[in-house]
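All remarks here apply to the structure that follows.
The values are calculated or read from the model by the stated rules, or taken from the named source; none is laboratory data. For clarity, every value in this text was computed on a predicted model and none was experimentally measured. Ideal geometry is used to build each Cβ from the backbone, glycine not excepted, and the neighbour counts take in all protein chains shown. To get the accessible areas, we keep the full protein, side chains included, count just its heavy atoms, and leave off ligands, DNA and RNA. Shrake-Rupley method; radii C 1.70, N 1.55, O 1.52, S 1.80 Å.
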Amino acid sequence: MSNIFKNYELSFKYPNNWKLLEADDIENCIAVLDCDSKFSRVMVFKYPQEGLSMEYLKNAIEDIPREDSLIVEDSHLTIIGNKETHELIAKDTSHEPPLNTHSLSTINDRDAYSFNFFGFGEDNPDKEGFMMMYRTLEFL
């Protein structure tokens, strides 16, 4: 079973074990979802007029300053859910268990959208819910 997030720009499904939180106080944030497991969070951002090209978006994301403890393991362009996507996977080993981040970003009408998963622990099962959210993303 799943729920649907929908605003005037986009919609996506999310599993019943994820809860939609307020995102009003976070700049450019469209949605924040926490998993009932208490080990994972998804944040969805819109960056207006930042979607010049997928290559530009990829380079901009890779150039974001990060803590030394956050190691980028993979960054590439791909297709997920019929959308051109920049996928970035990173791990912060300064936490125990480690904090894994997985970002999926795409462009629609020159706006960049980024779905960001933050989860503790190796083989975190909550990542399946995150992938479902992105795969079901539709622009309105």
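Kindly list the number of the only condition in (1) in contact with a Gly (Cβ under 6 Å, 6 or more places away or on another chain); (2) over 25 Å from Leu99 (Cα atoms); (3) among the polar types (S, T, N, Q) that fails for Ser40. If we test Ser40 against (1) in contact with a Gly (Cβ under 6 Å, 6 or more places away or on another chain); (2) over 25 Å from Leu99 (Cα atoms); (3) among the polar types (S, T, N, Q), just (2) comes out false.
Annotation note: Cβ proximity below 6 Å between a residue of the range 3-17 that is touching a residue at least 40 places away in the same chain (Cβ under 8 Å) and a residue that is among the acidic types (Asp, Glu) and open to solvent by 60 Å² or more (accessible area, probe 1.4 Å) (sequence gap 6+ or interchain) occurs for Ser11/Glu138; Asn17/Asp36. Among residues of the range 31-42 that are among the hydroxyl-bearing types (Ser, Thr, Tyr), those with a Cβ under 7 angstrom from a residue that is part of a loop (DSSP other than H, G, I, E, B), sequence gap 6+ or separate chain, pair up as Ser37/Asp126; Ser40/Asn124; Ser40/Asp126. Those strands (runs of 3 or more DSSP E) of the range 51-140 in which at least 2 residues are in contact (Cβ under 8 Å) with a residue 40 or more places away in the chain and open to solvent by 60 Å² or more (accessible area, probe 1.4 Å), considering only elements entirely within it, cover 111-120. The set of residues from the range 80-97 being within 15 Å of the chain's Cα centre (by Cα) and of a type outside the set (Gly, Ala, Ser) comprises Ile80, Lys83, Glu84, Thr85, His86, Glu87, Leu88, Ile89, Lys91. Taken together, Leu52, Leu77, Leu70, Leu33 contain a single residue that is of a type in the set (A, V, I, L, M) and touching a His at 6+ places or on another chain (Cβ under 9 Å), which is Leu77.
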